[in-house]
């Protein structure tokens with residue numbers, strides 16, 4: 001009698017615990033659903049919450065309720081993964097694994113195996129992922145061409161890390177061809193964002209291979225696509241992305257000694273960052289983008305023998321970097337101080353120029369880089 005009561009009490013406790021876990025998991029999904037479109041990475045946070053809920057429902061012998069959660073989690077991960085596979089393939093693989101388990105519980109072995117196969121492929125080497133998605137894209141191009149393009153872009157990134165940049169060119173060229181076709185057929189902005197990533201990647205890659213003139217048209221196309229995205233939806237993230245793409249264009253034109261052509265794009269970059277800083281005034285991090293763009297514009301003006309115009313821009317950049325040193329460190333401040341020293345020297349103000357150089361030296365020799 002006592003043992004039956006203990007077993008019954010244990011079952012009640014387990015049921016209460018499970019009920020609490022389920023409420024918490026549903027609350028997490030509801031919370032992240034509200035953030036999905038408002039916060040950077042919000043869609044992935046929602047996907048993770050949905051996957052956790054699906055797994056919990058499976059543990060409670062309720063796989064039919066868990067299946068829609070896992071399916072939505074996979075759908076949420078696919079867009080980011082098809083844009084940037086290197087950053088998001090582990091999330092997609094985990095969600096596909098959960099989906100496969102739930103489908104197996106529901107006696108759908110074919111669909112379960114397909115989900116598990118894709119999850120396994122995503123955990124492999126980049127070239128194996130290409131082989132996997134190429135086979136799927138041949139059978140169902142509309143569905144799998146974006147994934148194939150993402151895997152090709154990912155292979156390019158891996159080859160660059162392995163110091164095999166020249167081998168990466170054909171992979172990016174194929175990715176661009178696929179992503180152009182997909183962007184024309186699918187109005188989802190993520191398709192065009194993915195295209196700009198590959199265009200920008202190829203432009204930078206060709207520049208790295210000392211072929212900047214060949215790379216320039218790809219960066220110009222990336223700017224045009226980003227500009228169109230901003231015109232359609234001028235939210236601050238799209239404007240930041242356009243500014244970052246313009247950085248690449250300005251740098252490439254400067255490398256080709258076409259500073260005068262780069263100047264209007266550099267001014268546009270400053271205007272974009274200034275607008276973002278004013279709109280997101282509570283988030284100081286965006287000031288770093290404005291500071292870098294001001295210094296870039298100042299450097300261009302100095303190279304064009306217009307140091308008087310460059311001076312207030314570079315001074316503002318120094319002030320911004322100084323205020324952000326506790327967030328960014330001192331590298332970008334030191335770089336701006338060196339630019340300021342050059343501009344002051346061009347204006348025949350040697351004492352002030354030396355003071356700026358001395359401060360930069362005290363901060364340590366650094367290599368300038370975009371925020």
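The values are calculated or read from the model by the stated rules, or taken from the named source; none is laboratory data. Model, not experiment: these values are computed from the prediction. Because the Cβ atoms are built from the backbone with ideal geometry, glycine has one as well, and the counts that use them run over all protein chains shown.
Name the residue, out of 348, 319, that is closer than 28 Å to residue 255 by Cα and part of a loop (DSSP other than H, G, I, E, B). Going through 348, 319 in turn, just one is closer than 28 Å to residue 255 by Cα and part of a loop (DSSP other than H, G, I, E, B): 348.
On the stretch given as region 262-287, residues that are touching a residue at least 40 places away in the same chain (Cβ under 8 Å) and under 14 Å from residue 238 (Cα atoms) total 4.
Here is a yes/no grid of residues against (1) within 27 Å of the chain's Cα centre (by Cα); (2) surrounded by 17 or more Cβ atoms within 10 Å (Cβ to Cβ):
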position	(1), (2)
293	yes, yes
296	yes, yes
299	no, yes
302	no, yes
307	no, yes
323	yes, no
333	yes, yes
338	no, yes
345	no, yes
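Close contacts from region 55-72, counting a first residue that is more than 13 Å from residue 104 (Cα to Cα) and a second that is part of a loop (DSSP other than H, G, I, E, B), with Cβ to Cβ under 9 Å and a gap of 6+ residues or different chains, come to 56/62. When residue 50 is tested against the conditions (1) surrounded by fewer than 20 Cβ atoms within 10 Å (Cβ to Cβ); (2) in contact (Cβ under 8 Å) with a residue 12 or more places away in the chain, the lone failure is (1).
Residue-by-condition table, conditions (1) within 21 Å of residue 206 (Cα to Cα); (2) in the same structural domain as residue 195 (by TED's automatic domain parsing):
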site: 101; (1), (2): no, no
site: 106; (1), (2): no, no
site: 111; (1), (2): no, no
site: 131; (1), (2): no, yes
site: 139; (1), (2): no, yes
site: 166; (1), (2): yes, yes
site: 170; (1), (2): yes, yes
